[in-house]
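Remarks on the structure that follows.
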Amino acid sequence: MPKGKRGEQAEELDLVPIMNLVTILIPFLLMASSFVSLAAIDSTLPAIGQPPETTTEDDEPPLNLSVAITDEGYTVMGNDDALSGEGEDKGAKIPCRKPGCPTPDSYDTKDLTRLLGEIKDRWSDSDEQNVILVPESQVPYEVLVLTMDATRNDPDTTEDGRPRELFPYVVIAGGIQ
Amino acid sequence: MGKKKGRRASVDAGLTITSMMDMMTIILVFLLKSYQTDDVSVAASEDLQIPISSAEKAPKLAVNVIVSRKDVVVDGTFVLDIERGINEETGEEELSIPADEKRGQLISKLYDVLLEKAQTSKEIGAKAGSDELDFKGEILLQVDKRMPFSVVREVMFTSGQAQFSNFRFVVIKGGPG
């Protein structure tokens, strides 16, 4: 009988030290782990000073693409044929899906991406990558981020397996008071 | 009878830890997988909801400015409160920088803190003599998604005046793209 009992005991592993280790590791990892991954959007202030002199007279004027964000929607302006017009009609207007733009979702970012894609097609020869955002004072910050997403790339069109890049360099201007 | 009772008692005394070990091993592997040491961390709360964006770029360490619905914090140090008012026309809550904290668009207290940070950073850069530690004017902005652009603009203007002109807007990775 004693022999048999000793044999039974030898089969059992002593898991207590491992348990101790695991119990200490779990709270440590729980504290250190992050379940939300962060990203950053780069932007710079508009440059102050003299504009760079154009090298030749024949140079095309730069695109100077800018997107105004108001409580009525987007107004896209720049030296492109689609954005021509005078005075009040200047630029292409992309109205909100709901009047008054009550929520950030009501801004038509898809249409903005489509329009910028068309402009990018026409300006594919030049390396235009800048867009100036001009938001109104009361526009929530979330709309600004949504607009930056819409101008950066087009998720519906892919180039070399990646979303097509539109105008990734964002400059935020002082805005409309 | 007596023998039987004794044996049962000895079986009950040993805990079956195997199933618990299984569970702990799974938790351990999951936590090890989600373990990452980010340079930047966000303490999300009711007053600080970071917007979601399709941006991919990882945030790098820089001077960290948090603009929540309650206050403005630079590198963990409280700087000033945000004023909450009610818009008389719409009846909605309106967030702004208190008028007595501002000189025009400049937020005085924030400017003083950031200027000191810039000077310290420049001194460290000059002493270290390496490009990596040079002052590049980079600033991380964690802004609540409901913050109106007027507040963001004032914070950006103040940062620009204090020689921080390269902005990195911290966002949560996700969304289309």
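The values are calculated or read from the model by the stated rules, or taken from the named source; none is laboratory data. Since we're looking at a predicted model, the values are computed, not measured. No Cβ is skipped: glycine too gets one built from the backbone with ideal geometry, and neighbour counts run over all protein chains shown. When the accessible area is computed, the model is the full protein with side chains, heavy atoms only, and any ligands, DNA or RNA have been set aside. Shrake-Rupley method; radii C 1.70, N 1.55, O 1.52, S 1.80 Å.
Per the Debye formula on identical point scatterers at the alpha carbon atoms of the stretch B:52-173, with no solvent, log10 I(q)/I(0) at q = 0.11, 0.12 Å⁻¹ is -0.41, -0.48. Using a probe radius of 1.4 Å on protein heavy atoms only, what is the accessible area buried between chains B and A, both sides summed, to the nearest 100 Å²? Heavy-atom accessible area buried at this interface is about 4100 Å². With respect to chain B, whose longest principal axis is taken over its alpha-carbon atoms, helix B:18-34 is tilted by about 20°.
For the stretch B:52-173, the per residue solvent-accessible surface stands at 51 Å², with DNA, RNA and ligands left out and a 1.4 Å probe.
Simple rule: put +1 on each Lys or Arg Cβ and -1 on each Asp or Glu Cβ in the stretch B:111-164, find the dipole, and look at B:141, B:161, B:130; the Cα lying farthest toward the positive end is B:141. For chain B, the longest principal axis of the C-alpha atoms and the axis of helix B:2-13 are separated by about 10°. Averaging Cα coordinates gives a centre for the stretch A:136-167 and one for the stretch B:26-103; these two points are 21 Å apart. Other protein chain C-beta atoms within 10 Å of residue C-beta, averaged over A:18-30: 3. Of the residues B:74, B:106, B:120, the one whose Cα sits farthest towards the positive end of the charge dipole of the stretch B:23-122 is B:120 (charges of +1 on Lys and Arg Cβ, -1 on Asp and Glu Cβ, taken about the Cα centre). Heavy-atom accessible surface of residue B:92, to the nearest 10 Å², is about 120 Å², with a 1.4 Å probe and all protein chains retained. A Stokes-Einstein calculation at 25 °C with viscosity 0.890 mPa s, built on the Kirkwood radius of the stretch A:118-177 over Cα pairs, returns a diffusion coefficient of 194 µm²/s.
Considering all different alpha carbon pairs of the stretch B:91-152, the Kirkwood hydrodynamic radius works out to 14.2 Å.
For chain B, the relative contact order comes to 26 percent (Cα pairs under 8 Å, sequence separation of at least 6). Do any residues of the stretch B:129-156 show a loss of at least 50 square angstrom of accessible area between the isolated chain and the full protein assembly, using a 1.4 Å probe, and if so which? Flagged in the stretch B:129-156: B:145, B:149, B:153.
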